[in-house]
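One structure is given here, and the rest of the page talks about it.
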Amino acid sequence: MKRNISLNQIEERIRNSPKGTIFLTSDFTDLASSDAANKALLRLEEAGLIRRILFGVYEHPDYNEFLGEYVEPSPDMVAHALARKFGWTIVPCGDTALNMLGLSTQVPAVWLYVSDGTYKEYTYGNTIIKFKRTTNKEISKVSYKTALVIQALKALGKENITAEIINKIASTTTDEEKTTMFTEAKYATSWIYDIIKEICGGTK
């Protein structure tokens with residue numbers, strides 16, 4: 001009876017979640033043991049409520065009626081689910097950071113993240129997610145938005161930063177984020193901090 005109650009509770013939580021939500025077994029250990037949660041997820045996968053992306057990683061899939069097919073899982077959401085699974089701090093870098101900030105419309109060939117965990121690579125469908133370890137203080141002791149902007153600026157390089165790019169980042173950054181970024185970026189490379197001061201408009 002208890003097993004059925006746990007299954008029903010897990011199913012209800014998934015049904016009430018937005019389509020496209022990524023789940024791990026550990027997301028349900030408040031409702032059941034790890035083993036029971038895993039078995040429940042396998043049963044719900046067989047029932048078609050969720051689909052497995054990677055081992056222990058599931059999605060509440062979003063079906064596109066117009067296209068007549070399921071929407072592909074968000075690589076960024078999958079990456080963050082994996083980071084949650086291992087207890088890592090991650091930040092998009094390279095082309096991935098540019099894509100996330102809207103500085104590039106090109107879909108990354110590889111979704112790349114810097115991490116305080118170990119080097120890992122995952123593939124599902126046509127998507128490749130890579131984590132590379134860094135001890136860089138620019139990601140571990142700053143807010144996510146600050147770290148994301150720093151990684152994007154590093155990907156572009158000092159010589160490629162234009163007024164248009166600065167304005168683009170500034171327009172997608174809240175006043176609160178700018179205040180935080182201005183303080184946190186003091187420890188970044190000097191040219192990056194100079195650019196961030198421009199993005200923040202001299203916020204103090």
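The values are calculated or read from the model by the stated rules, or taken from the named source; none is laboratory data. Everything quoted here is computed from the prediction, not taken from an experiment. FYI the Cβ positions are ideal-geometry reconstructions off the backbone, even for glycines, and counts take in every protein chain you see.
For every residue, the table says whether it meets (1) at positive phi; (2) modelled with pLDDT under 95.
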{"site": "72", "(1), (2)": "no, yes"}
{"site": "96", "(1), (2)": "no, no"}
{"site": "110", "(1), (2)": "no, no"}
{"site": "125", "(1), (2)": "yes, yes"}
{"site": "141", "(1), (2)": "no, yes"}
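Residues that are under 24 Å from residue 188 (Cα atoms) and not aromatic (Phe, Trp, Tyr): does segment 120-127 have at least one?
Restricting attention to segment 120-127, the residues satisfying the condition of being under 24 Å from residue 188 (Cα atoms) are none.
For segment 120-127, residues under 24 Å from residue 188 (Cα atoms) and not aromatic (Phe, Trp, Tyr): absent.
Residues in segment 4-52 that are within 26 Å of residue 71 (Cα to Cα), in a helix (DSSP H, G or I) and small (Gly, Ala, Ser): 26, 37, 40.
Does residue 40 count as modelled with pLDDT under 90, closer than 25 Å to residue 87 by Cα and touching a helix residue (DSSP H, G or I) at 6+ places or on another chain (Cβ under 9 Å)? No. Scan segment 121-129 and give yes if some residue there is touching a residue at least 60 places away in the same chain (Cβ under 8 Å), of a type outside the set (A, V, I, L, M) and in the same structural domain as residue 86 (by TED's automatic domain parsing), otherwise no. Checking segment 121-129: at least one residue is touching a residue at least 60 places away in the same chain (Cβ under 8 Å), of a type outside the set (A, V, I, L, M) and in the same structural domain as residue 86 (by TED's automatic domain parsing).
Residue-level check: of (1) outside the structural domain of residue 167 (by TED's automatic domain parsing); (2) touching a Lys or Arg at 6+ places or on another chain (Cβ under 8 Å), residue 12 misses just (2).
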